[in-house]
Amino acid sequence: MRKTYQLNIEGKNRDRLLDAVKHDIRKYVKRQRRVALPEGVDFWDFDCKFGLSAEAAAPVHFGNLIEQIDAAAKEGAAALYVEILAKHGHRKAKPASAAAEEPAQG
């Protein structure tokens, strides 16, 4: 998904447009996670870019994307560029030393 969202549209509340942007992002991710995983893939991972324009977009972690959107909106940005691309994710085993140090829950 590569999309530029306008936040200043005449006749529309800016806060509602911001909520619509967040909803659209969450809806896309939820839909993408429902797609069947190819063999050998553990989960869907996402490469994200965020900026005020496509040329100024910088990579961000998916977990920080909504925070970045809120920060840009507080600064008064007129438009936001969001790029989210799904990729194959593979789980990594924890190192043996880290697993031994964790206390058992019980």
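For segment 30-64, name all the residues that are surrounded by 12 or more Cβ atoms within 10 Å (Cβ to Cβ), out of contact with any helix residue (DSSP H, G or I) (no Cβ under 9 Å at 6 or more places or on another chain) and small (Gly, Ala, Ser).
Passing the criteria: Ala54, Ala57.
Could you grab me the full set of residues in segment 32-41 that are more than 13 Å from the chain's Cα centre (by Cα) and in a helix (DSSP H, G or I)?
Across segment 32-41, there are no qualifying residues.
Looking only at residues in segment 1-29 that are touching a residue at least 24 places away in the same chain (Cβ under 8 Å) and not in a helix (DSSP H, G or I), which one is least open to solvent (accessible area, probe 1.4 Å)?
Across segment 1-29, the extreme among qualifying residues is Leu7.
For Ala73, indicate whether it is assigned to a helix (DSSP H, G or I) and of a type in the set (A, V, I, L, M).
For Ala73, the condition - assigned to a helix (DSSP H, G or I) and of a type in the set (A, V, I, L, M) - is met.
Just to verify a result, which residue in segment 79-101, among those that are open to solvent by less than 100 Å² (accessible area, probe 1.4 Å) and more than 25 Å from the chain's Cα centre (by Cα), is modelled with the highest pLDDT?
Pro95
Out of everything in segment 42-70 that is more than 22 Å from Lys27 (Cβ to Cβ) and in a loop (DSSP other than H, G, I, E, B), what residue ends up being modelled with the lowest pLDDT?
The selected residue is Asp42.
Which pairs turn up if I take residues in segment 64-92 that are at positive phi and look for partners that are among the aromatic types (Phe, Trp, Tyr) with beta carbon separation below 6 Å, at least 6 apart in sequence or on another chain?
Here the result reads none, with nothing in segment 64-92 linked to a residue that is among the aromatic types (Phe, Trp, Tyr).
The values are calculated or read from the model by the stated rules, or taken from the named source; none is laboratory data. Source: prediction; values computed, not measured. Here the Cβ is made from the backbone with ideal geometry for all residues, glycine too, and neighbour counts use every protein chain on show. Heavy atoms of the whole protein, side chains included, go into the accessibility calculation; ligands, DNA and RNA do not. Shrake-Rupley method; radii C 1.70, N 1.55, O 1.52, S 1.80 Å.
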